[in-house]
Amino acid sequence: MAVAGLLVVLLLAVIVRLPWAGDLGMHAATVQRLRHSPLDPGNPLVDADTPSPYYSPWMLLLGLLARATGLSVFVVLRVAAVAGLALLVTGVWRYVRTLSAHRAAPALALLSLLLVWGTTAYTWSGFLGLTSLALTVSYPSTFALGLAFHFWAWLGAAIRAPGGWAAWLALGALWAVILLCHQFSGVVATLGACATLLAVRRPDPVLWTRLAAGLLLGAVLLWAWPYYDFFALLGAGDDLETVHRVLYRDWLGRFGLVLLGVAALGARWWRDRRDPLVLFFALGALIVAAGWLSGHYSWGRALPAVLIPAQLAVALEAVEAGRRWLRAGWAAVLTAALVLGAWAQSGTLGYVLPRGALPGPVEARYREPWTGYHWITPWVRYGEVVLAERHPSRRIPAYGPYTVAPGYPDFFLPDEKRRAAAVETYFAAGTPEGVRRWTEREYGVRWVVDAYGVLDGAGLREVARGPEGQVLYEVPAP
């Protein structure tokens, strides 16, 4: 329990620094738009009036918090991180309590979820490895997964002690909120709920009636959410599949230690053919395998539905396996896996300790976070358009400006490919000055960030220089 507490303290210390990597800029930009215009925020990244799946109930609440308090977006994201971490820890605790009465089970389960991964640190939103969580703890995915663990615990309680209609309607509403906040984590939550229901023996017929009512309410809430069409996401294009193909690579390096959990699931299946963790794992594996076979690589985001039950299973075997010697054996292999997993993710310490304080082997595992674009804010105002290439475009909107092309695939932006092509042409060597001026007028460009030194002498006025040789240019008045 003490070790689990230390890891929670480590994550709290990481939140203080809020290292920037991955999608943090997108979420900061989302809060920016909702703070300035909560009823009609428009696209979070480009100056266009389109819906966005990032406008979830959780992000709306954060935007309103920023609007009411005047706190900066990055302070609000720290608040989100603390709330998400608290929900996750308490949710794991409550859900594991439905699976085991052993007092050490919740702490061991939390350690397993954070450390039993592989020998290569892996980061992706919705994946609960220590390094991944350190970089994504402020994301909606962490909040949604925390809610998912509470959802499973509440669902189990409702099945064991059937309550009135209100409990099942509340579960339906919670299911919708999870799906709206992070669609992929919502899929994981749904698979876990299905496993809990499939594990029920001799269900009361009234249960299915109340379940249907909860599902109907959840579906209505999904349909009625005004900020984007949830069901339109089912038609997302090929860009989503291309981005997620990497999820099907290097499984042994990323998830090799989870094989211990698969063995633990085998032991649980031998004792109980309807064990909820076994069913959870089987449903997740079915979805992930179908994604690989069909080329729908985004279905790989259901991998947590494979990993979570296996990680929980190995932790539970260490305290629940039948004979004493068997429990001792499981405890020994779990301890070894935890130590190896902690070493693989030891670079997380770099987000808390000074680089000089890290031992050489640990420093080698540390990944430097991104630098921000606060250096452009003395000149660039909220809502102005900055023309920049893809990677800068992932961070610049966090401070309030728009970019010409979004840094991420945007299913709801009809001219996304046209915008991306315009940016690529603008920064291409030999592009005529007239073409660049047309792009500036077409998209209302006020500023240009040149990250690679290709625009020197392109008729722009240099205003400031930033990290890594980047230059902020002002577009001349027409």
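The values are calculated or read from the model by the stated rules, or taken from the named source; none is laboratory data. The structure displayed is predicted, hence computed values, not measured ones. So basically every Cβ, Gly included, is an ideal-geometry build from the backbone, and we count neighbours across all protein chains shown. Note: areas computed on protein heavy atoms with side chains; ligands, DNA, RNA excluded. Shrake-Rupley method; radii C 1.70, N 1.55, O 1.52, S 1.80 Å.
Summary of values
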| item | result |
| --- | --- |
| Percent of beta bridges antiparallel (DSSP, the chain, rounded to nearest 5) | 60 |
| Stretchable slack from R160 to R367, in nm (0.36 nm times residue separation minus alpha-carbon distance) | 69.9 nm |
| Excluding exposed DSSP-loop trypsin sites (Lys or Arg not before Pro) (at most 16 other C-beta within 10 Å), longest clean stretch of the chain | 1-102 |
| Residue-count net charge about G347 - beta-carbon cut-off 12 Å; Lys, Arg +1, Asp, Glu -1 | +1 |
| A357/M1 FRET efficiency (R0 35 Å; Cβ-Cβ; nearest 0.05) | 0.85 |
| Karplus 3J(HN,Hα) series, Hz, for segment 439-455 with 6.51 cos²θ - 1.76 cosθ + 1.60 (x for Gly, Pro) | 4, 4, 5, 4, 10, x, 6, 9, 9, 10, 10, 9, 8, 10, x, 9, 10 |
| Label-point separation, F412 to T425 (7 Å along Cα→Cβ), nm | 2.8 |
| Near-label residues of segment 426-467 by backbone N, under 15 Å of a point 7 Å along Cα→Cβ of A477 | 446, 461 |
| Accessible area in the full protein assembly, largest first, 1.4 Å probe, for E468, E440, E474, E433 | E468, E433, E474, E440 |
| Per-residue [θ]222 nm for the chain (sum of -39500 (n - 2.57) over DSSP H runs n ≥ 4, rounded to 500) | -18500 deg cm²/dmol |
| Segment 388-478: radius of gyration over Cα atoms, expressed as a fraction of 2.2 N^0.38 Å | 1.03 |
| Using a Förster distance of 56 Å, the FRET efficiency for R324-D47 (Cβ separation, nearest 0.05) | 0.25 |
| The chain, accessible surface, carbon-and-sulfur percent (1.4 angstrom probe) | 65 |
| Chain lengthening between W375 and A289 when straightened (0.36 nm per residue, less Cα-Cα) | 26.4 nm |
| Solvent-accessible area per residue for the chain (1.4 angstrom probe, square angstrom) | 43 |
| Distance between modelled label sites at L233 and T335, nm, 7 Å Cα→Cβ extension | 4.3 |
| Inter-site label distance for R67 and R245 at 7 Å from Cα along Cβ, in nm | 4.2 |
| Net charge of Cβ neighbours under 9 Å - reference W447; Lys, Arg +1; Asp, Glu -1 | -1 |
| Relative contact order (%) - criterion: Cα under 8 Å, at least six apart; region: segment 308-384 | 18 |
| The chain: Rg to Rh, with Rh as the Kirkwood radius over Cα pairs | 1.00 |
